[in-house]
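All of the numbers you see were taken from the coordinates with simple rules; none came from a lab. Since the model is a prediction, treat every value here as computed from it, not as a measurement. Cβ atoms come from the backbone with ideal geometry, glycine included; neighbour counts cover every protein chain shown.
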Amino acid sequence: MAERFRLTKIYTRTGDTGETGLVTGQRVKKSDLRIAAYGDVDELNSALGLARATNRARPEGAPARTTLDDWLRDVQNELFLVGSDLACVLADRPAQMKVVGEAEATRLEQRIDAMNGELGPLTEFILPGGGRLGAELHLARTIARRAERAAVALAEREPVDPATIRYLNRLSDFLFVAARWAAKQCGEPEELWRR
């Protein structure tokens, strides 16, 4: 049986000196690249929560409402794995720790292909938007790119699981297509960049 996580006290005062603890107990400065990387992942997860709330506010039976909610929930759960992995020095990562891998990246690709099959070809850059839901997904995409950059910066200093960086890269692609797809499902037009 899986051990349950239980949080009984929100404040611990252990971070009052500008340090925080990693998964394996090491203490690092809150300004550390590792903390920036998993902080960006946490921000991304929150942005996806906002997009899910906007999507769920659409009427029951609205086009792709349930599918999009299911897909975004999957991503939110996977981002907890990404954050946990980034909060752990790779050499010290517990063997039983669940992490994202090729299966999760492949599933994102399959979902990208499914959405793209319903979209027309992209012949010009688009302005982030496409209604509120589309705009929130575009915002999440940019946060995903920042999280990826932070993970790459960390990987330049010390080993990071390449599957984590690959997943973040694929996720930003997924969110770009999801923003366009959501706009179409909501009947919102995309605005082309005027050169």
Item to check | Top positive-direction residue, dipole computed over region 110-195 with Cβ charges, set Leu139, Val160, Gln185 | outcome: Leu139
Checklist entry - Between the helical axis of 131-157 and the dominant principal axis of the chain, each derived from Cα atoms, what acute angle in degrees is found, rounded to the nearest 10? => result 40
Next on the checklist: Quick check: pseudo-label points 7 Å beyond the Cα along Cα→Cβ at Ala153 and Ser46, how many nm apart are they?
Outcome noted: 1.8
Next on the checklist: Net charge around Glu190, counting only other residues with Cβ within less than 9 Å of its Cβ (Lys, Arg = +1; Asp, Glu = -1)?
Outcome noted: 0
Next on the checklist: Can you compute the radius of gyration and Dmax for the chain, using only the Cα atoms, both in Å?
Outcome noted: 18.2, 58
Checklist outcome for this item: Asn77 neighbourhood, Cβ < 14 Å, K/R = +1, D/E = -1, net charge -3
Checklist entry - Looking only at chymotrypsin sites (Phe, Trp or Tyr not before Pro) in DSSP loops with at most 16 other Cβ atoms within 10 Å, what is the longest site-free stretch of the chain? => result 12-124
Checklist entry - Within the chain, what's the longest stretch lacking GluC sites (Glu not before Pro) that sit in DSSP loops with no more than 15 other Cβ atoms inside 10 Å? => result 125-195
Checklist entry - Would you list Val177, Val28 from fewest to most Cβ contacts within 10 Å? => result Val28, Val177
Checklist outcome for this item: Magnitude of the Cβ-charge dipole (Lys and Arg +1, Asp and Glu -1) of region 94-195 about the Cα centre, nearest 20 debye, reported as 220
Item to check | Dipole in debye (nearest 20) - the chain, about Cα centre, beta carbon charges: Lys, Arg +1; Asp, Glu -1 | outcome: 480
Item to check | Which of Leu68, Ser84, Gln96, positive extreme of dipole for region 58-111 (C-beta unit charges) | outcome: Leu68
Next on the checklist: Could you work out how much longer the chain between Asp69 and Glu124 gets when fully extended? Use 0.36 nm per residue separation minus the Cα distance between them, nm to one decimal.
Outcome noted: 17.0 nm
